[in-house]
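Read through the structure below, which is laid out as structure tokens, and then see the notes.
The values are calculated or read from the model by the stated rules, or taken from the named source; none is laboratory data. Being a predicted model, the structure only gives us computed values, none of them experimental. All Cβ positions, even for glycine, are placed from backbone atoms using ideal geometry, and neighbour counts span all protein chains on display. To get the accessible areas, we keep the full protein, side chains included, count just its heavy atoms, and leave off ligands, DNA and RNA. Shrake-Rupley method; radii C 1.70, N 1.55, O 1.52, S 1.80 Å.
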Amino acid sequence: MVTRRSTARLLITLLALLCLAPPAGLKAQAQPGQLLRVSVTAGRSTIVETTYDVTRIAVTNPAVADAVVVRPREILVDGKAPGTISLIVWGNDDRRTQYDIVVEQPVSALEQQLHQLFPGEDIHSEVNADSVVLSGHVSSTQIMLRAAEIARAVVPKANVVNMLLVPGATDAQQVMLQVRFAEVNRRALMDLGVSFFTGVSGYKDWTGRSTTQQFPAPSYDKEGLVFSDFVNLFLFNNKQNVGTLIKALQQKGQFQSLAEPNLIAYNGQEASFLAGGEFPVPILTGGGIAASVSVTFKEFGGRLNFKPTFAGDLIRLHVRPEVSSLDFNNGVLLQGFRIPALTTRRAETEVELRDGQSFAIAGLINNQAQTDVAALPILGQLPIIGNLFKSKADRKERTELLVIVTPRLVRPLNPDEVPPLPTLPGRFLPKGDDIGEQLRGGGGTVDAPHADSANKPKKSGL
């Protein structure tokens with residue numbers, strides 16, 4: 001049976017134990033050498049509370065974080081730059097506590113904007129002086145590409161490294177670009193002209209010649225008629241001493257050139273291809289006696305520059321095909337050297353494809369048409385017969401360029417995946433053609449005895 005006296009004794013005992021036992025938090029804070037972690041964001045502050053009066057503090061690197069005692073048991077910690085430092089606090093009775101002050105990178109304005117535009121997406125950004133790194137996971141390829149475009153717009157001078165991951169992303173980091181260049185030239189030429197002339201003695205005491213100066217016509221000298229070219233048709237009547245030269249020519253031509261380069265490029269790195277050549281261009285430096293001529297080579301032909309960027313299961317390509325050819329008609333004549341000009345057709349675009357898909361760049365068409373008409377005055381304006389006193393040259397040319405591009409994701413082959421090289425089923429040389437077999441007694445590489453002779457037993461002279 002519990003009495004009042006026993007109950008009072010029990011309460012007094014419990015109160016005594018509570019007074020003697022120190023608080024649990026004070027014990028954890030006051031143990032010497034114990035490290036406590038305090039997190040703060042750069043540019044912000046936090047309060048560190050102690051269970052004893054602070055007499056002295058010390059920080060290892062004030063450039064990362066600084067601390068000041070604002071009250072006997074409160075310390076104000078200011079974060080300045082990302083990093084980790086130590087804060088040591090001394091109190092009465094030789095008490096001391098050591099803290100690890102971790103200053104974290106603040107949330108940048110870019111990351112805040114990305115979280116507002118794409119709520120629910122795990123996007124993190126690290127902005128440095130020269131680069132912006134995007135990391136995390138997003139739900140679609142469009143969000144991944146849009147986030148990179150926003151980063152380029154916010155920090156235009158920085159290099160954006162897009163490391164965002166999307167579902168279905170591939171581990172391949174190399175792309176092979178299969179390119180086919182096709183160029184078709186169509187040419188049509190039509191020339192028509194007539195020249196009348198008489199012999200040296202003329203026709204009934206009449207001597208004459210008609211020409212539009214567009215095509216070769218005969219000329220007279222002391223010995224007779226001189227023909228530089230009989231053109232296409234030449235007619236002459238010896239009895240009437242009258243002749244004619246007719247230029248009637250029609251030409252059609254087609255030309256097609258094809259190049260199929262295969263290029264491999266790393267993700268985000270540019271690759272280039274050139275199928276053509278170089279032509280020399282002389283450059284004059286200096287003047288007077290000290291003048292010198294150096295030669296610089298300029299490239300021409302079919303060129304392709306492309307830069308792949310992987311976006312999940314898509315491949316974004318920045319392609320720049322170019323085809324150039326030498327143009328001697330518009331060239332420059334310099335001290336007896338003809339420097340040709342360049343006729344260039346170029347396109348630059350960005351496309352998105354999946355592995356194995358193709359796209360074509362067409363429409364790079366160059367049309368040229370030229371018509372030259374010459375006629376004799378008055379005679380060329382006569383109806384019907386006026387066509388005999390006219391000459392006409394009609395030239396038309398059309399060049400069309402087609403570029404077909406197919407990207408494919410590739411990876412290097414392991415040693416056990418390398419296919420065997422093709423081998424000849426038989427011997428490269430027929431049997432009996434070895435040099436060693438042609439030597440006396442056979443031989444190896446030079447004049448060694450035949451292999452069979454080494455196995456034969458030697459005869460003894462005894």
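Tabulated data for the structure shown
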item: Filtered residues of the range 374-415 (kept if touching a strand residue (DSSP E or B) at 6+ places or on another chain (Cβ under 7 Å), farther than 23 Å from E322 by Cα and crowded, with 16+ Cβ neighbours inside 10 Å); result: A374, A375, G380, L388, F389, K390, S391, K392, A393, L409
item: Lone unmet requirement of (1) out of contact with any helix residue (DSSP H, G or I) (no Cβ under 7 Å at 6 or more places or on another chain); (2) at pLDDT 80 or above for L134; result: (1)
item: Of residues in the range 334-346 being of a type outside the set (D, E, K, R) and at pLDDT below 80, the one most open to solvent (accessible area, probe 1.4 Å); result: Q335
item: Residue within the range 287-302 that is at pLDDT 80 or above, surrounded by 14 or more Cβ atoms within 10 Å (Cβ to Cβ) and in contact with a Gly (Cβ under 9 Å, 6 or more places away or on another chain) present; result: yes
item: Failed criterion for A217 (all others in (1) in contact (Cβ under 8 Å) with a residue 12 or more places away in the chain; (2) open to solvent by 70 Å² or more (accessible area, probe 1.4 Å); (3) farther than 30 Å from F310 by Cβ; (4) in a loop (DSSP other than H, G, I, E, B) hold); result: (2)
item: Exclusive hit being out of contact with any Phe, Trp or Tyr (no Cβ under 9 Å at 6 or more places or on another chain) and closer than 26 Å to V184 by Cα, set R303, R345, R320; result: R345
item: The lone exception for S195 - which of (1) open to solvent by less than 30 Å² (accessible area, probe 1.4 Å); (2) modelled with pLDDT under 80; (3) within 30 Å of E397 (Cα to Cα) it fails; result: (2)
item: Check on V48, hydrophobic (A, V, I, L, M, F, W, C), in contact with an Asp or Glu (Cβ under 9 Å, 6 or more places away or on another chain), assigned to a strand (DSSP E or B) and open to solvent by less than 60 Å² (accessible area, probe 1.4 Å); result: yes
item: Condition check for T207: touching a strand residue (DSSP E or B) at 6+ places or on another chain (Cβ under 7 Å), of a type in the set (S, T, N, Q), at pLDDT below 80 and within 30 Å of V405 (Cα to Cα); result: no
item: Leading residue by the ranking (farthest from P106 (Cα to Cα)) among those in the range 55-72 that are open to solvent by 80 Å² or more (accessible area, probe 1.4 Å) and in a strand (DSSP E or B); result: T55
item: Residues within the range 94-106 that are touching a residue at least 12 places away in the same chain (Cβ under 8 Å) and open to solvent by 30 Å² or more (accessible area, probe 1.4 Å), tallied; result: 7
